[in-house]
Amino acid sequence: MPRQTICLIFLITGFLTCTAQEAYHEPYRLQIHFSPKTGWMNDPNGLVYYQGVYHMFFQYYPDSTVWGPMHWGHAISPDLVHWKQAGIALYPDRLGYIFSGSAVVDSSHTSGFGGKKKVPLVAIFTQHDPGREKAGLNNFQNQSIAYSLDGGNRWTKYTGNPVLKTPGLKDFRDPKVSWYAEQKKWILVLAAGDRVMFYSSKDLKSWEKESEFGSGTGAHGGVWECPDLIPFEVDGKKIWLLLVSINPGGAQGGSSTQYFTGIFNGHVFTPSDTLTRWADYGPDQYAGVTFSNTGKEKIFLGWMSNWQYGTAVPTLPWRSAMTIPRTLGLKKIGQNYYASMMPVKALEKLVVKTVSYKQIPQEKKLNLSGPTRIEFKLATAHSFSLIFSNPAGQMLRAGYDEGKNAFFIDRTRAGRSDFYPGFATIHYGPRIAQSKDVKITLILDQASLELFADEGLTTMTEIFFPDQPFTALQEEPGGKQLTDIRISQLRSIWY
Ligand code: FRU
């Protein structure tokens with residue numbers, strides 16, 4: 001049976017009609033990452049775990065492969081690895097498009113939705129009114145809520161929307177809500193141009209401003225978006241991680257996620273230092289936030305693309321995917337705190353077989369078949385590089401540069417790059433760990449590579465578009481030899 005998808009794009013309207021004959025088999029379709037069957041996707045939204053199900057909502061425009069009137073798409077998973085796309089959860093309405101936001105489990109019944117019997121899931125999101133924006137007004141981004149009484153499947157918008165109106169700021173969006181147990185209240189953090197603002201509420205409906213943070217601190221080469229505030233315990237101390245995405249002006253120029261560490265007392269965030277740090281040093285992780293209601297384990301998920309070229313990448317009939325869900329941590333290195341991210345343990349479920357090597361003989365090419373996890377060690381931090389290649393003569397390099405004390409991914413010869421000047425380049429991510437030895441995990445999919453070094457202290461995410469998948473792996477001669485190599489073939493999550 002031919003593996004193809006018949007799509008018609010009506011050039012005038014930009015609308016897309018597809019008959020997906022065998023969805024998930026198309027060129028560049030990732031096999032172990034979530035992507036929508038058809039249509040445009042950006043940020044993960046409303047990430048929440050409830051009664052054995054992980055819900056992933058996402059910025060979604062079902063009628064085209066470029067950004068448009070935003071909906072919340074929906075996918076569910078029992079394990080964070082296998083995803084099933086569900087129906088659209090939230091449609092645009094008279095208050096505007098449905099922009100990014102979060103979801104919480106209101107187990108204390110603070111909102112009153114559903115009486116005392118059913119636990120409501122409550123979604124808090126921005127409504128962006130394109131009409132007011134076009135009219136040059138400054139009140140087009142306001143926060144609304146919706147609730148679900150059936151565990152996250154069907155959503156009802158609150159009749160009193162919007163619940164938090166902009167104070168006259170054009171950029172006032174992406175609310176992330178969490179329960180602040182010590183003061184029995186909800187905390188909402190949202191992005192407001194060059195800063196974040198904190199609000200609090202007892203019932204998710206009426207919100208009071210607490211404070212602001214960030215103007216003059218961190219990176220400011222673009223607008224701040226999609227914040228998240230997460231508590232960790234480090235050496236017996238409660239330290240908060242504040243994620244803030246920024247576009248442009250990210251780690252590699254376009255969009256990426258920076259973070260701050262500090263203390264939050266229910267009112268004010270006080271940073272522990274003034275460093276600028278990035279959650280992921282590759283170009284292709286953006287808008288990453290964490291799941292609600294996962295207890296002590298914090299799970300991070302990002303959009304695996306970049307606003308520089310996200311709407312132009314050569315995929316059809318969909319655009320964009322999410323990263324592998326990652327367990328987020330916070331560690332103290334020297335005097336400062338650093339975030340760490342590693343693929344969730346459940347990825348193990350996809351392992352078909354693992355082959356171990358003490359070392360890879362120089363010049364030997366190993367065959368890869370489909371998505372692959374590669375784990376290895378370096379006894380000391382010396383330069384090396386791994387080359388992934390295909391029969392078309394294209395290659396992707398990933399490694400460590402001792403002179404720069406940085407990891408790198410090189411996509412200069414990794415396939416198509418005609419859709420964006422500057423796509424074919426090398427990206428570096430600094431080594432943060434100070435240990436002698438280096439441990440690295442690479443996750444390769446049809447069109448993406450994620451690098452996790454030093455237990456996730458340096459992470460890099462890259463997408464690329466080779467004419468044929470990369471099916472060979474070798475060490476570049478001359479580098480330091482890698483040891484304890486484990487190569488695991490992973491099975492597709494789609495069939
Ligand atoms: C981030 C973002 C958010 C906004 C959404 C719109 O990628 O720009 O700030 O809510 O995307 O789709």
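The values are calculated or read from the model by the stated rules, or taken from the named source; none is laboratory data. Quick caveat, the model's predicted, so the values are computed rather than measured. So basically every Cβ, Gly included, is an ideal-geometry build from the backbone, and we count neighbours across all protein chains shown. Heavy atoms of the whole protein, side chains included, go into the accessibility calculation; ligands, DNA and RNA do not. Shrake-Rupley method; radii C 1.70, N 1.55, O 1.52, S 1.80 Å.
Summary of computed values
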quantity: Spin-label model distance (nm) - Ala472 vs Lys184, 7 Å beyond Cα toward Cβ; calculated: 6.7 nm
quantity: Assigned charges on the beta-carbon of Lys, Arg, Asp, Glu; the chain dipole about Cα centre (debye); calculated: 860 debye
quantity: Integer Hz, Karplus 6.51/-1.76/1.60 couplings in order for region 65-80, x for Gly and Pro; calculated: 9, 10, 4, x, x, 7, 10, 9, x, 8, 9, 10, 8, x, 9, 6
quantity: Difference of contour (0.36 nm per residue) and Cα-Cα distance, Val234 to Gln481; calculated: 85.5 nm
quantity: Solvent-accessible heavy-atom area per residue, rounded to whole Å², over the chain at 1.4 Å; calculated: 38 Å²
quantity: Within region 460-495, backbone nitrogen closer than 20 Å to the virtual label 7 Å beyond the Cα of Ser383 toward Cβ; calculated: 474-483
quantity: In sequence order, calculated HN-Hα J values of region 233-247 (Karplus, 6.51, -1.76, 1.60; Hz; x Gly/Pro); calculated: 10, 10, 6, x, 10, 8, 10, 9, 9, 10, 8, 9, 7, 9, 8
quantity: Approximate spin-label separation Ile333-Ile263, in nm, with each point projected 7 Å along Cα-to-Cβ; calculated: 2.5 nm
quantity: Inter-centroid distance (Cα atoms) of region 55-94 relative to region 321-381, Å; calculated: 29 Å
quantity: At R0 = 30 Å, FRET efficiency that the Cβ-Cβ distance of Thr159 and Val352 yields, to 0.05; calculated: 0.05
quantity: Hits among lysines - C-alpha to C-alpha of Lys365 under 27 Å, sequence gap 8 or more where chains match; calculated: Lys349, Lys353, Lys377, Lys439, Lys480
quantity: Mean separation of Cα contacts under 8 Å, 6 or more apart, over the residue count of the chain: relative contact order %; calculated: 13 percent
quantity: Under Karplus coefficients 6.51, -1.76 and 1.60, residue-wise ³J(HN,Hα) of region 156-168 in Hz, glycine/proline x; calculated: 10, 6, 5, 6, x, 5, x, 9, 9, 8, 5, x, x
quantity: Order by protection proxy (mean Cβ within 10 Å, highest first), peptides 221-231, 155-165; calculated: 221-231, 155-165
quantity: Length added when fully stretched, Asp437-Glu22, from 0.36 nm per residue minus Cα-Cα; calculated: 144.9 nm
quantity: Heavy atoms of Glu348 accessible to a 1.4 Å probe, total area in Å² rounded to 10; calculated: 100 Å²
quantity: Qualifying trypsin sites (Lys or Arg not before Pro) in region 421-495, DSSP loop, other Cβ atoms within 10 Å at most 12; calculated: Lys436
quantity: Span from the region 284-315 Cα centroid across to the region 428-455 one, whole angstrom; calculated: 18 Å
quantity: Total formal charge among the other residues, if their Cβ is under 12 angstrom from that of Arg411, Lys/Arg +1 and Asp/Glu -1; calculated: 0
quantity: Reachable lysines, given that their alpha-carbon falls under 22 Å from the alpha-carbon of Lys238 and they are not under 8 places away in the same chain; calculated: Lys176, Lys184, Lys185, Lys296, Lys298, Lys331, Lys332
quantity: Cross-link partners of Lys170 among lysines (Cα-Cα below 24 Å; sequence separation of 8 or more within a chain); calculated: Lys134, Lys157, Lys205, Lys209
quantity: Within the chain, helix-based [θ] at 222 nm, where runs of 4 or more DSSP H residues each add -39,500 (n - 2.57), nearest 500; calculated: 0 deg cm²/dmol
quantity: Sequence-distant residues sharing a close amide H with Ala86 (under 5 Å, placed H); calculated: His74, Ala75, Ile76
quantity: Packing rank of 296-306, 280-290, where each peptide gets the mean count of other beta carbons within 10 Å, highest leading; calculated: 280-290, 296-306
quantity: Inter-label distance for Ser107 and Asn405, nm, one decimal - labels placed 7 Å from Cα along Cα-to-Cβ; calculated: 4.3 nm
quantity: Within-11-Å neighbourhood charge of Pro343 [Cβ basis; K, R +1; D, E -1]; calculated: 0
quantity: Cα centroid of region 408-425 to Cα centroid of region 171-212, whole Å; calculated: 39 Å
